[in-house]
1. Tell me which of these residue A:509 doesn't satisfy, since it passes every other one: (1) surrounded by 15 or more Cβ atoms within 10 Å (Cβ to Cβ); (2) over 22 Å from the mean Cα position of the chain (by Cα).
2. Applying the selection to the range A:382-394, what residues are at negative phi and out of contact with any Pro (no Cβ under 9 Å at 6 or more places or on another chain)?
3. Of the numbered conditions (1) without any contact (Cβ under 8 Å) to a residue 24 or more places away in the chain; (2) touching a helix residue (DSSP H, G or I) at 6+ places or on another chain (Cβ under 8 Å); (3) within 16 Å of RNA strand B (Cβ to nearest atom), residue A:299 fails exactly one; give the number of that condition.
4. All but one of (1) under 25 Å from residue A:276 (Cβ atoms); (2) within 11 Å of RNA strand B (Cβ to nearest atom); (3) of a type in the set (D, E, K, R); (4) more than 20 Å from the chain's Cα centre (by Cα) hold for residue A:535, so report the exception by its number.
5. Scan the range A:34-60 and report the pairs whose first residue is in contact (Cβ under 8 Å) with a residue 60 or more places away in the chain and away from RNA strand B (no atom under 16 Å from the Cβ) and whose second residue is of a type in the set (D, E, K, R) and assigned to a loop (DSSP other than H, G, I, E, B), with Cβ atoms within less than 6 Å and a gap of 6+ or a chain change.
6. If we keep just the residues of the range A:271-324 that are hydrophobic (A, V, I, L, M, F, W, C) and touching a His at 6+ places or on another chain (Cβ under 8 Å), which is farthest from residue A:92 (Cα to Cα)?
7. For the range A:300-313, give me the residue count where each residue is of a type in the set (D, E, K, R) and farther than 15 Å from residue A:277 by Cβ.
8. Among the residues of the range A:447-464, how many are among the β-branched types (Val, Ile, Thr) and at pLDDT 95 or above?
Amino acid sequence: MDNLINNEESNKNSTNIYPTNFIHEIIDEDNKTGKFNNRVQTRFPPEPNGYLHIGHAKSICLNFGTAQKYGGKCNLRFDDTNPTKEDVEYVDSIIEDVKWLGFDWEERLFYASDYFKQLYEYAVQLIQSGNAYVCSLSPEEIRETRGTPTKSGTESPYRTRSIEENVDLFEKMKNGKLEEGQCVLRAKIDMTSPNMNMRDPVIYRIKKASHHRTGDKWCIYPMYDYAHCVSDSIERITHSICTLEFENHRPLYDWFLEKLKIFHPQQIEFARLNLSYTVMSKRKLLTLVEENFVSGWDDPRMPTISGLRRRGFTPESIRYFSELVGVAKRDGMIDVSLLEFALRDDLNKRAKRVMAVLKPLKVIITNYPEDKAEELEAINNPEDLSMGTRKIPFSREIYIEKDDFKEIPPKKYYRLYPGQEVRLRYAFIIKCEDVIKDKSGNITELHCTYDPDTKSGSDKTGKKVKATIHWVSAQHSITAEVRLYDRLFTIEDPASDEKDFRELVNNSSVEILKDCRIEPSLSQAKNGEKFQFERLGYFCVDSIDSKENNLVFNRAVTLKDTWVKIENKSSQ
RNA sequence: UGCCGGGUCGUCUAAUGGUAGGACUACGCCCUUUGGAGGCGUCUGUAGAGGUUCGAAUCCUCUCCCGGCAGCCA
């Protein structure tokens with residue numbers, strides 16, 4: 001009985017670490033039947049033509065996570081078969097991002113271009129077995145003869161060329177004797193197939209372009225459908241996991257491997273990730289970069305891994321998010337609030353608390369001595385007392401958040417207003433006595449009194465206040481820039497809108513605050529370091545623009561804010 | 001009008017012929033020296049119609065809806 005309970009417990013635990021999904025069920029079944037000798041080998045196969053985004057992160061976590069769960073391996077393989085679109089800049093960024101996410105491909109860093117020679121030889125085999133031919137139709141003619149989804153295509157007049165002629169022409173293609181567009185190598189399958197991918201798809205095309213790895217060695221390059229399945233086969237991939245749009249390609253994937261009679265991995269498709277209020281297509285992301293809607297691929301508003309990293313996301317939070325979204329074949333849209341939840345959940349446990357005033361309002365504590373300053377003890381993280389405490393300076397003049405004062409308090413407003421008392425976090429209870437304004441009626445400062453007997457930790461007065469607000473000492477605090485980010489698009493699904501996505505960009509997706517006041521301990525903050533600014537949110541030192549004497553913080557995510565909800569409700 | 005794949009709370013995702021559950025969101029309450037965190041609770045769901053069955057989200061039939069496919073892109 002005890003054993004049974006323990007087993008159930010441990011099963012539960014392992015389920016928590018590796019949540020199951022339909023792909024793992026397939027693998028379980030394969031392991032039962034011994035299909036791949038109980039071996040599990042996956043791969044993450046990006047094309048180096050853009051930066052990785054959160055959708056790729058899901059795929060990375062799935063592929064590496066699946067390998068981990070089954071004691072297998074996951075390769076990193078660049079699908080670099082189109083030199084005109086690819087670049088080492090992207091290779092480098094992808095390597096950095098996958099590593100940062102916490103995954104290790106050990107020595108298994110591969111490129112489809114590593115296999116160009118083998119791919120070529122296999123193509124010759126296809127010709128020799130009568131399964132491929134060189135087609136001299138123009139690109140336009142190929143398109144015209146392909147038919148449409150509802151109308152079958154017609155066979156190319158070059159389909160019946162002799163094997164010798166095909167071998168000869170293919171060699172000429174390889175040797176640069178023929179020009180781009182003059183001919184291609186095609187698989188000989190079925191021009192009447194209801195699956196367009198099977199209507200004699202192109203295997204090789206001529207591209208007299210320099211490749212970022214093979215240079216000018218090749219002037220013919222294999223197409224995805226051919227290169228991908230063969231690359232998987234060469235690497236002895238067992239489960240080739242890809243997104244739904246390749247489902248129609250699976251018959252072709254299988255066809256090549258059957259004709260070549262080589263190791264046959266199983267392709268499995270799952271639904272790609274869509275996130276609300278952003279776009280995920282590389283083309284659109286590139287447009288945002290090129291047309292300066294954002295500052296670059298790593299702009300903190302971008303859904304790219306590098307953007308999220310700069311924004312303040314942690315690898316842990318992204319991996320957790322990937323777990324939360326699940327894996328299925330149903331197309332869907334994940335609410336960005338789930339991503340934010342994953343980050344808060346992580347940072348709540350780990351981020352050091354600190355006080356920062358974003359929109360400062362000066363407060364003079366009139367009954368506090370002018371020349372006095374004292375140090376108060378603050379807890380670094382109430383969720384984790386092992387993170388210790390620190391000292392924060394307190395003095396007669398402090399800054400509080402403008403929002404924490406209202407001359408005329410709305411209903412349910414608990415913070416400062418004339419005559420009202422609040423506690424200063426880790427310090428004293430103060431009471432607002434006077435509101436000082438300039439000639440035009442703007443509030444310039446508050447005069448308050450404090451109760452010396454209410455010091456945090458040693459308050460014996462039993463006084464109760466409705467609110468605790470954050471603050472910094474005016475003379476001790478330092479100035480910093482803080483960037484507040486909001487969603488990049490104004491609507492949930494920019495891709496589905498009839499308007500061009502450029503028109504849907506949120507014009508106020510960033511607010512830059514230059515005169516924020518932060519507690520002095522922050523002068524030591526390192527680039528990339530993350531903090532909770534108490535009551536405000538989680539912030540990350542910007543890794544690009546922040547300098548020792550000019551700190552810049554990015555707001556990664558706000559804290560949940562009950563007051564905002566109350567405020568919104570009463571204003572409706 | 002072709003082929004392929006999908007339709008379970010607002011959003012994701014479980015239940016694999018046997019109590020429709022979880023997470024996020026929203027709302028409410030408790031707690032709180034962060035209006036944070038935490039705790040408790042509530043709301044809301046099997047696209048439709050038939051059928052098989054003691055019993056159907058699950059199997060069968062039909063209908064409806066959504067996505068993908070006509071690059072010498074991946």
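1. The number of the failed condition is (2).
2. Kept after step one, since they are at negative phi, are these residues of the range A:382-394: A:382-387, A:389-394.
Within the range A:382-394, A:382, A:383, A:384, A:385, A:386, A:387, A:389, A:390, A:391, A:394 qualify.
3. The number of the failed condition is (3).
4. In the conditions (1) under 25 Å from residue A:276 (Cβ atoms); (2) within 11 Å of RNA strand B (Cβ to nearest atom); (3) of a type in the set (D, E, K, R); (4) more than 20 Å from the chain's Cα centre (by Cα), residue A:535 misses (1) alone.
5. Short answer, once both residue conditions are applied: A:41/A:236.
6. If we filter the range A:271-324 for residues that are hydrophobic (A, V, I, L, M, F, W, C), which is where we start, we get A:271, A:273, A:275, A:279-280, A:285-286, A:288-289, A:293-294, A:297, A:302, A:305, A:308, A:313, A:318, A:321, A:324.
Going one step further and asking which of them are touching a His at 6+ places or on another chain (Cβ under 8 Å), we end up with A:280, A:285, A:302, A:305.
Working: A:280: 20, A:285: 18, A:302: 18, A:305: 13 Å.
Result: A:280.
7. We begin by selecting, within the range A:300-313, every residue of a type in the set (D, E, K, R); these are A:301, A:309-311.
Still in the list and also farther than 15 Å from residue A:277 by Cβ: A:309-310.
The number of residues fulfilling the criteria is 2.
8. Here is the first cut: in the range A:447-464, the ones among the β-branched types (Val, Ile, Thr) are A:449, A:454, A:461.
In the following step, the residues that additionally are at pLDDT 95 or above were identified as A:449, A:454.
Qualifying residue count, the range A:447-464: 2.
The values are calculated or read from the model by the stated rules, or taken from the named source; none is laboratory data. Keep in mind it's a predicted model, so treat the numbers as computed, not measured. Cβ: placed from backbone, ideal geometry, glycine included. Neighbour counts: every protein chain shown.
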